[in-house]
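Let me begin by presenting the structure, written as structure tokens, before commenting on it.
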Amino acid sequence: MTELIRVTRGVWRPPEALPDLTARCAALLSVLPTDAVVAGRTAAQLHGLWLPTPDEPDRVEVIVQGTSELPRNHARSGRHEVRVRRRRLRCDEITQVGEVPVTALPLTWLHLAECLCLEDLVAAGDSVLRSGAREDELSDVVQRAVRQRGVRRARSALPLLDARSRSRPESWMRVGFVQRGLRPSGVNLPVRDEWGQWLAEPDLSYEDARLAVEYNGRFHADLDRMRRDITREVDVAERGRWLTVTLGPVQVFQRMDQAAALVRELRRERLMIMTLASSRR
């Protein structure tokens, strides 16, 4: 006899029917009103947005739009598997991931402003833009929000978004520097040698000082990747006359003050050196 997995009270499924979050959401929606839509952080996970790892398993967040009566087992906050809220949604605020109805990317991002810090909200917003949403769509959904939790944070995050970011740590690093007084940096812009040949695309760059900033996480620990990283940095230094500073998870997520101070000082020194070299010509 196949052992069943409990999804929520009264809902059991065989293991092969719940291979991922999408299937789990579909199972939960089967006992909710037909107008229920997956929302919040759960919708963000289904969309594949960049999110911090939660400290504990998240409840599935759901919006019920109409006046439908909720099943008694799900109508109270004591249900740990699902969080249900009532809210009216526009047609363009709903889409689907597989067979599961979810809030569209712009509204999903706005809902994240209720629970994410500014750095993570910007990172999620960067991934929203990379997923195909437009900046004006995010702006519109923020402007329509009235007395909603997190809307001020969303307004602060909007001008910091950049679709050129390629990872959550990159976004965190960029925002952390700006918050600590560094001028906005270039994001994944090409560095070329004096003949115009492509050398690299650093995560962040200050072209005026020829200073590149790279984030190296666990993927950079692969031996082949490490060799490519070293070769690239040497080429950038030798052929492009750029300096590369490499930061890791500790510097970006735990010691941002230290990282920003280092980059600020290196940029100041580089600018001074380049000014002196220019004056001697």
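The values are calculated or read from the model by the stated rules, or taken from the named source; none is laboratory data. It should be emphasised that the depicted structure is a prediction, and the values quoted were computed from it without experimental measurement. All Cβ positions, glycine included, derive from the backbone under ideal geometry; neighbour counts span all protein chains shown.
Among the residues of the stretch 60-70 satisfying the criterion of being modelled with pLDDT under 85 and not polar (S, T, N, Q), which is surrounded by the most Cβ atoms within 10 Å (Cβ to Cβ)? Walk me through it before giving the result.
So the first thing to find is which residues in the stretch 60-70 are modelled with pLDDT under 85, and the list is 66-70.
Right, trim to not polar (S, T, N, Q) and you get 66, 69-70.
Details: Gly66: 11, Glu69: 9, Leu70: 17.
If we take residues in the stretch 60-70 being modelled with pLDDT under 85 and not polar (S, T, N, Q), then Leu70 is surrounded by the most Cβ atoms within 10 Å (Cβ to Cβ).
Return the residues of the stretch 144-172 that are within 14 Å of Trp109 (Cβ to Cβ) and without any contact (Cβ under 8 Å) to a residue 24 or more places away in the chain; say none if nothing qualifies.
Arg144, Arg155
When the stretch 247-281 is examined, which residues are found to be within 20 Å of Arg168 (Cβ to Cβ), in contact (Cβ under 8 Å) with a residue 12 or more places away in the chain and of a type outside the set (Asp, Glu)?
Matches in the stretch 247-281: Leu247, Gly248, Pro249, Val252, Phe253, Met256, Ala259, Ala260, Val263.
Go over the candidates Val245, Val250, Val236 one by one and state the one that is farther than 25 Å from Arg153 by Cβ and within 20 Å of the chain's Cα centre (by Cα).
Values: Val245 fails: within 20 Å of the chain's Cα centre (by Cα); Val236 fails: within 20 Å of the chain's Cα centre (by Cα).
When all the criteria are applied, what remains is Val250.
Is it fair to say Leu129 is assigned by TED's automatic domain parsing to the domain that holds Gln251 and either outside any loop (DSSP other than H, G, I, E, B) or in contact (Cβ under 8 Å) with a residue 12 or more places away in the chain (or both)?
Details: assigned by TED's automatic domain parsing to the domain that holds Gln251: no; either outside any loop (DSSP other than H, G, I, E, B) or in contact (Cβ under 8 Å) with a residue 12 or more places away in the chain (or both): yes.
The answer is no for Leu129.
Among the residues of the stretch 96-116, is there at least one that is of a type in the set (Asp, Glu), over 30 Å from Ala259 (Cβ atoms) and within 18 Å of the chain's Cα centre (by Cα)?
In the first step, residues of the stretch 96-116 are kept if they are of a type in the set (Asp, Glu); the result is 99, 114.
After this cut, where a residue has to be over 30 Å from Ala259 (Cβ atoms) as well, the list is 99.
Now drop any that are not within 18 Å of the chain's Cα centre (by Cα), which leaves none.
No.
Look through the stretch 24-41, keep the residues that are touching a Lys or Arg at 6+ places or on another chain (Cβ under 8 Å) and not in a loop (DSSP other than H, G, I, E, B), and return whichever of them is modelled with the highest pLDDT. I'd like the intermediate steps shown before the answer.
Quick first cut of the stretch 24-41, residues touching a Lys or Arg at 6+ places or on another chain (Cβ under 8 Å) only: 27, 39-40.
From the residues that got through so far, the ones that are not in a loop (DSSP other than H, G, I, E, B) too are 27, 40.
Working: Ala27: 84, Gly40: 95.
By that ranking, first place goes to Gly40.
How many residues, within the stretch 255-281, are under 19 Å from Asp203 (Cα atoms) and outside any helix (DSSP H, G or I)? Before the answer, list the steps.
In the first step, residues of the stretch 255-281 are kept if they are under 19 Å from Asp203 (Cα atoms); the result is 255-267, 270.
Add one more test, that the residue is outside any helix (DSSP H, G or I), and what stays is 255.
The qualifying residues number 1.
Going through the stretch 95-135 one residue at a time, which ones are more than 20 Å from Arg152 (Cβ to Cβ) and surrounded by fewer than 19 Cβ atoms within 10 Å (Cβ to Cβ)?
Matches in the stretch 95-135: Thr95, Gln96, Val97, Gly98, Glu99, Arg130, Ser131, Gly132, Arg134.
Give just the number: which of (1) more than 21 Å from Val38 (Cβ to Cβ); (2) assigned to a strand (DSSP E or B) does Arg83 not satisfy?
(1)
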